[in-house]
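The values are calculated or read from the model by the stated rules, or taken from the named source; none is laboratory data. This one's a predicted model, so the numbers in the text were calculated from it and none came from an experiment. Here the Cβ is made from the backbone with ideal geometry for all residues, glycine too, and neighbour counts use every protein chain on show.
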């Protein structure tokens, strides 16, 4: 109940984030057009659930920019057109869409509780439940309609049922596993790793069981495994209305090195390629929907070509192999890490805190495999939310610390209570700004932008907080604002102009008259992404368009780092009031004077 209230409140008070502008219209297109071209880089389930209440209510859709070309990301144009078509009502429609997705997070809560209770007891179940319910990742990403948190919940549900099937394999349970696994696969491509993981874990379970030499049992369970895979694939096809199912492999036009057989991403033709053309596989029908296959290929392309990534003051094309490890260390509360560390120590020193090694492996192997996969796919180093599917496995395993209460170990019991209190308190101290959460290792959430960008710090979520602050400070006139993201701030009542670019804007600074460069006196609201200097982001111009770096070089506002903000909206927008005295101080100390 508490988690539901927190998620609902967070979904209500935050403005639409960057990708929600595109996810919601894409979800509407699935209902209204029965097409799955838009935002094919993610499966459609979560955005379809999010769009359902909007679809059933009065709304405006605009498909004038729709294009089914697999090499064109039409969701961007359709998203912007639909946003403007709904005007100021768009924010409320996004809120309804967010609320529709809350049941996914509650499913994750329930499964964490059930699995921990079956393994480690009732108190452990409470520990697992608290870790999941108050995790900043879950509260932040679970209150928006992007699929990562919701996919993590569906993934742990599918894994739990599969584990139950391993314990007592039956045909009915196998059917249930197939259905839930298929639903999970409709939420996030990352969960495809569950197929090979399931085979490995089943093989280990059976090889180490007392009945390992009963070949009839092996054969029966192999048949159940085939049923699980077949049913899950059927569910995936149902989710796409069988759109393009059984399309021959040779008919696809791929965009990745792996699927085209071309060694460099730059050498792949604009029309794509196909490594299987002319081979015996060319005529083989693919048992998946066409846009499911194309979406996987397009997502893989992003990792192969690399995108602008940011970590600890550095922008670059492509990420870092350790990005997700670093982000997990910083964005999970230290109290939670203390519980994980205590669970590891107890597992090593005492057998009473361990279950069978197969059960422990089932929880830990997905964590290790997901981290390895994410570390090797380092073309994108800007969204640590991709690692969320491993969190429930880690929380359930760490919940074993609840056993210290049953063992009447007073000191350890006090330690667990203190660590849980620290974890929950640290998370709630930042709430509802959980997207920007960082723990005490880096000085808290106020320093999030120094380490992360976009969905880990500033994702356009705090415009409503800025509007509220401005309404309570009528002294602010002629606001200058730099907002990063596709959502139009005018739709929440904000009027503004762009701040002047700084002298570090390189080409832009050379193109503009010196008197137009910053800093200048006035009131400013600056998205923290622009404090990083020379970033590749575009800024809303206050007229419904964007000032893009591709047009006018870098949009550098790093000179604001030399001034103290007078307030902030959440942790992603800093508010400044610069006076002429401040400008003179800055010019005396930071402007290089030309020699006479």
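Going by the conditions given, is residue 97 more than 16 Å from the chain's Cα centre (by Cα), assigned to a helix (DSSP H, G or I) and without any contact (Cβ under 8 Å) to a residue 40 or more places away in the chain? No.
A quick yes/no check of all residues on (1) surrounded by 15 or more Cβ atoms within 10 Å (Cβ to Cβ); (2) in contact (Cβ under 8 Å) with a residue 12 or more places away in the chain:
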{"site": "184", "(1), (2)": "yes, yes"}
{"site": "190", "(1), (2)": "yes, yes"}
{"site": "201", "(1), (2)": "yes, yes"}
{"site": "210", "(1), (2)": "no, no"}
{"site": "231", "(1), (2)": "yes, yes"}
{"site": "241", "(1), (2)": "no, yes"}
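Only residues that are in contact with a strand residue (DSSP E or B) (Cβ under 9 Å, 6 or more places away or on another chain) and either surrounded by 14 or more Cβ atoms within 10 Å (Cβ to Cβ) or within 22 Å of residue 84 (Cβ to Cβ) (or both) were counted in the stretch 469-494, giving 16. Checked against the criterion of being under 30 Å from residue 402 (Cα atoms) and either in contact with a helix residue (DSSP H, G or I) (Cβ under 8 Å, 6 or more places away or on another chain) or surrounded by fewer than 24 Cβ atoms within 10 Å (Cβ to Cβ) (or both), the candidates 114, 52 yield just one match: 114. Restricting the stretch 166-184 to residues that are under 22 Å from residue 116 (Cβ atoms) and modelled with pLDDT of 95 or more, the residue that is nearest to the chain's Cα centre (by Cα) is 184. Report yes if residue 39 is crowded, with 18+ Cβ neighbours inside 10 Å and on the phi > 0 side of the Ramachandran plot, otherwise no. Against the criterion (crowded, with 18+ Cβ neighbours inside 10 Å and on the phi > 0 side of the Ramachandran plot), residue 39 qualifies. Among the numbered conditions (1) at pLDDT below 95; (2) surrounded by fewer than 22 Cβ atoms within 10 Å (Cβ to Cβ); (3) more than 30 Å from residue 199 (Cα to Cα), the only one that residue 402 does not meet is (2). Among the residues here, residue 382 qualifies as in contact with a strand residue (DSSP E or B) (Cβ under 9 Å, 6 or more places away or on another chain) and either part of a loop (DSSP other than H, G, I, E, B) or buried (at least 23 other Cβ atoms within 10 Å of the Cβ) (or both). Here residue 321 meets each of (1) at pLDDT 90 or above; (2) over 21 Å from residue 388 (Cβ atoms); (3) in a loop (DSSP other than H, G, I, E, B) with one exception, condition (2). Check whether at least one residue in the stretch 247-265 is outside any loop (DSSP other than H, G, I, E, B), in contact (Cβ under 8 Å) with a residue 40 or more places away in the chain and touching a strand residue (DSSP E or B) at 6+ places or on another chain (Cβ under 9 Å), and report yes or no. Yes: the stretch 247-265 contains one or more residues that are outside any loop (DSSP other than H, G, I, E, B), in contact (Cβ under 8 Å) with a residue 40 or more places away in the chain and touching a strand residue (DSSP E or B) at 6+ places or on another chain (Cβ under 9 Å).
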